[in-house]
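Have a look at the structure below, then the notes.
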Amino acid sequence: MNILDDLQYRGLIYQVSNKEGLKKLLQRKKVVLYCGFDPTAGSLHIGNLLPLITLKRFQLAGHCPIVVLGGATGLIGDPSGKSEERKLNSPALVRKWGVNIKKQVQTILGSGRKKGFIRVVNNYDWLGKEKIISFLRDIGKHFTVPYMLAKESVKTRLKKGISFTEFSYMALQAYDFLYLYQKYNCQLQIGGSDQWGNITAGVDLIRKKLNKEVFGLTLPLIIQANGKKFGKTEKGTIWLDSQRTSPYQFYQFWINTDDRDVINFLYYFTFLSLKEIEDLEEATKKHPEKRLAQKRLAQELTSLVHGKEKSVQAQRISEKLFSGDIRDLKLDELKIAFQDVPSFQLKKKKQINLVDLIVKAGIEPSKRQAKEDISAGAISLNGEKVRNIYKIVDIKERLYNKYLIIKKGKKKYYLIYWN
C-alpha cells in the first residue's frame, strides 16, 4: 500500500498541498521529508507522538525523515495554537532541552543508517548565522503583510496583540524548508493541523524563490470521545521522559483509554497491520471486559517510547494490581506502582486497629465511615479484602518490612510507611 493510502486509511491526513502530486512523487522515488520540534520544555510529550510516529511510517516505507530541532525558532516562539505570547527562554536552556529531545527522537526513530536513515539537525546552525538585513532582503521580500495576516496562527492573535518577534516566526520556519530543500533535497514537510499556515508559507517561498514545487501535509487534531483534546489529562502532561512520567504511568495512560477511542488510537499510534487492528476490534466487541485493545495499545506505545523491558514490567505491575496480587510485586515494582498515591507515616507501634489506621491516614473522615466501608467490602489490605471492623493490623503484615497498601473502592490506593 502506498504510504499516503495507508495514512488515509488510518485517518491521519488532514490537509495536503497537492495530494495527487505528492502521491506520484512518493511512488517514483525515496523522498526526504521533515518535521520540526521546538524545545519549549525539557521533554517531548504525548502530543508530539503523532508526528514522530508518522515520520517513522515514512521511514519504514523507505523514505528519509529529518527531525529539525528548533534551537533558533524555539528562542522566538510559535504563535500557532496559542492565545498569548510564549515566555522567552534563555539560549542555554533551549540548547539543553534540545539535547534531551534529540535523545528521545533517536529512541523512537533510531540513529545511524543501520536502524534506518534518520537525520536530526538544529535550525540554529543556519538561522543563527543569518544577518538581519540579508534575511529581510532575500526572504522577507517574499512575504506580504496581507499574506501573513491571513494565516490562522496570526489572525487568531490579532485581537490580543502579537509582537513582531512571533509575527516573524512564519518566515523563519519557511526559511527552514528552503534551506532543507537546497541542502538535502527535502520535498515534504509534515506537522500538526495548527502548522498549516507555517508549512504552506515554506511551500510558497520555495515556489517564489526557486520555481520548484514541494509539499506540505498536516495531521488531524485528535479529539477524544469525551470532547477533550488528546494529550490533556486531569493529572497534567504525559511526558516521554521517564523521569517526568514513569513507564508505568505512561502505560496506565494508554490502558485507561476510553472504549470509544481505543480502536482509532491503534490506527493512529501503532504499527499494527490493518488486519491485526480489525481482529482486535472484533475481539473487543465480543469481550469488552478483557480490554484486549487497550492492553495491546499500552504495550505497543510503552515499548516504542521506553523499550520492551519497561513495557513488560509495566504490564506485570498493572496485572498484579488488577488481580489484587500485591504481595507478588517485587520491591522496585511496588515503589513504581505506588510512587504517586497518597501516603502516611506510622511510627512506634507494633499493632493498630484498622479503623484507627484508616482515619489517621486520612483515608476516611471518621470511624463511622471507616466501619461502613469495611463492612461493605470496600477496603483491602495488601490486596485482600477486609470485612472485620475489629481487625488488628500487626507490624508483621508489612510488605518488605516497611509498607502497607490500603485500597478503597476499585482504584484509590494509599501507601502506609510503617517504621
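The table that follows gives values for the structure above.
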read-out: Unmet criterion (only one of (1) under 19 Å from TYR124 (Cβ atoms); (2) crowded, with 21+ Cβ neighbours inside 10 Å) for PRO91; value: (2)
read-out: Criterion (in a helix (DSSP H, G or I), surrounded by fewer than 20 Cβ atoms within 10 Å (Cβ to Cβ) and modelled with pLDDT of 95 or more) met by exactly one of GLU319, GLU289, GLU276; value: GLU276
read-out: Qualifying residue in region 224-242 (condition: polar (S, T, N, Q), closer than 19 Å to LEU26 by Cα and either crowded, with 17+ Cβ neighbours inside 10 Å or outside the structural domain of PRO79 (by TED's automatic domain parsing) (or both)); value: no
read-out: Qualifying helices (runs of 4 or more DSSP H) (wholly inside region 9-122; at least 3 residues being at pLDDT 95 or above); value: 19-28, 49-60, 91-109
read-out: Matching residues, region 197-228, being within 30 Å of THR257 (Cα to Cα), of a type in the set (Gly, Ala, Ser) and out of contact with any Lys or Arg (no Cβ under 9 Å at 6 or more places or on another chain); value: GLY227
read-out: Looking only at region 282-340, and only at residues there that are under 30 Å from ASN401 (Cα atoms) and of a type in the set (S, T, N, Q), the one that is farthest from the chain's Cα centre (by Cα); value: SER323
read-out: Subset of region 9-31 (residues that are of a type outside the set (Phe, Trp, Tyr) and either closer than 15 Å to GLY191 by Cα or in contact with a Pro (Cβ under 7 Å, 6 or more places away or on another chain) (or both)); value: GLY11, LEU12, ILE13, GLN15, VAL16, SER17
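This table checks each residue for (1) free of Cβ contacts under 8 Å to residues at least 24 places away in the same chain; (2) surrounded by fewer than 19 Cβ atoms within 10 Å (Cβ to Cβ); (3) of a type outside the set (A, V, I, L, M).
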position	(1), (2), (3)
ARG10	no, yes, yes
SER43	no, no, yes
LEU55	no, no, no
HIS63	no, no, yes
VAL67	no, no, no
GLY71	no, no, yes
GLY81	no, yes, yes
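The values are calculated or read from the model by the stated rules, or taken from the named source; none is laboratory data. Source: prediction; values computed, not measured. So basically every Cβ, Gly included, is an ideal-geometry build from the backbone, and we count neighbours across all protein chains shown.
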